[in-house]
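Right, one structure below, let's go through it.
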Amino acid sequence: MSHHFPDNVDAMLAKLGLLAAATASVLTLSTTALADDTTPSSTDTSIDAALEDTPSETPITESTEPVTTPPFGPAETPGETPRRGTQVQLEPPPPPPTTQAPWDPFRLPANSGSGRRAVYSKSQQTVWAIDGNNQIIKAHRVSGKQTPLDPRPGTYQVFSRSRYTYSINNPSITWGYMVRFAHGAQGGNIGFHEIPFQYGSPVQSWSQLGQPLSGGCVRQALPDAIWMWNWAQIGTQVVVLP
């Protein structure tokens with residue numbers, strides 16, 4: 001028995017075939033798109049590589065682990081001198097080395113002459129008064145000049161004295177008990193005297209005596225200046241040592 005379908009049924013079947021083919025094509029395209037979404041494109045890959053090769057100015061994450069090594073060297077241990085790059089010094093620096101012997105007022109330097117005299121050591125910034133028996137009767141610290149000049153080492157005599165005087169170059173600087181015994185390289189007078197004053201204040205303290213702080217004269221504490229004024233009369237010998 002044969003069946004005969006009308007022409008309109010054949011047309012309907014043809015349309016159904018086309019619809020099935022179109023549905024299959026859509027499913028194929030969707031699967032391909034899903035697969036492509038899980039794989040970055042070549043352009044994205046090149047951008048990611050460029051970002052990894054370029055160092056960032058600020059870190060993205062910070063470590064929470066304690067830092068055990070300083071940025072400028074190994075960690076310091078207690079009692080160790082801090083290294084360069086640290087902010088805190090654990091201990092004060094040691095005092096600078098010195099080659100000068102401790103001050104001994106009872107030790108007269110060699111080659112200091114003989115007889116009644118005043119001995120002035122520029123290197124020790126000390127003055128000794130020696131009597132006629134070559135015995136030390138006084139010693140005290142002073143502040144003079146330590147260079148070879150003003151005055152030069154040698155033997156001198158007191159030639160002038162002034163109870164009060166002042167600086168010719170700067171009259172605001174005054175002092176008393178001036179006992180002159182030499183001339184400086186520029187012709188100025190050099191002598192023993194008290195610590196000068198400027199505008200009513202001393203130019204240095206007694207505690208600074210022993211340091212070469214003057215332009216050539218021999219500065220003394222007031223009691224020592226008065227003593228030298230009374231002892232070193234005109235003609236008193238003065239021996240200057242390096």
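No value in this document is a laboratory result; all are computed from the given coordinates. Please read these numbers as outputs of a predicted model, since none were measured by experiment. Positions of Cβ are backbone-derived with ideal geometry, glycine not excepted, and every protein chain shown enters the neighbour counts.
Which net charge results when you count Lys and Arg as +1 and Asp and Glu as -1 among the other residues whose beta-carbon is under 14 Å from that of residue 122? Provide the component values of the computation, followed by the final result.
Details: positive: 141, 145, 152, 219; negative: 150.
Combined, the nearby Lys, Arg, Asp and Glu give +3.
For a quick check: with amide H placed at 1.01 Å from N, whose amide H comes under 5 Å from residue 238's, ignoring anything fewer than 5 positions away on the same chain?
Placed amide hydrogens put 118, 156, 157, 158 under 5 Å from residue 238.
Give me the net charge for the shell around residue 156: Cβ to Cβ below 11 angstrom, other residues only, Lys and Arg +1, Asp and Glu -1. Walk me through the numbers on the way to the answer.
Numbers: positive: 117, 152, 180; negative: none.
That works out to +3.
Assigning unit charges at the beta carbon (Lys, Arg +1; Asp, Glu -1) and nothing else, what dipole magnitude in debye, to the nearest 20, does region 117-241 show about its Cα centre?
Working: 10 positive and 4 negative charges, 22 e Å.
Magnitude of the dipole: close to 100 debye.
For region 117-241, would you read off the P(r) tail past 20 Å as a percentage of all alpha carbon pairs?
Considering region 117-241, 35 percent of its Cα-Cα pairs are separated by more than 20 Å.
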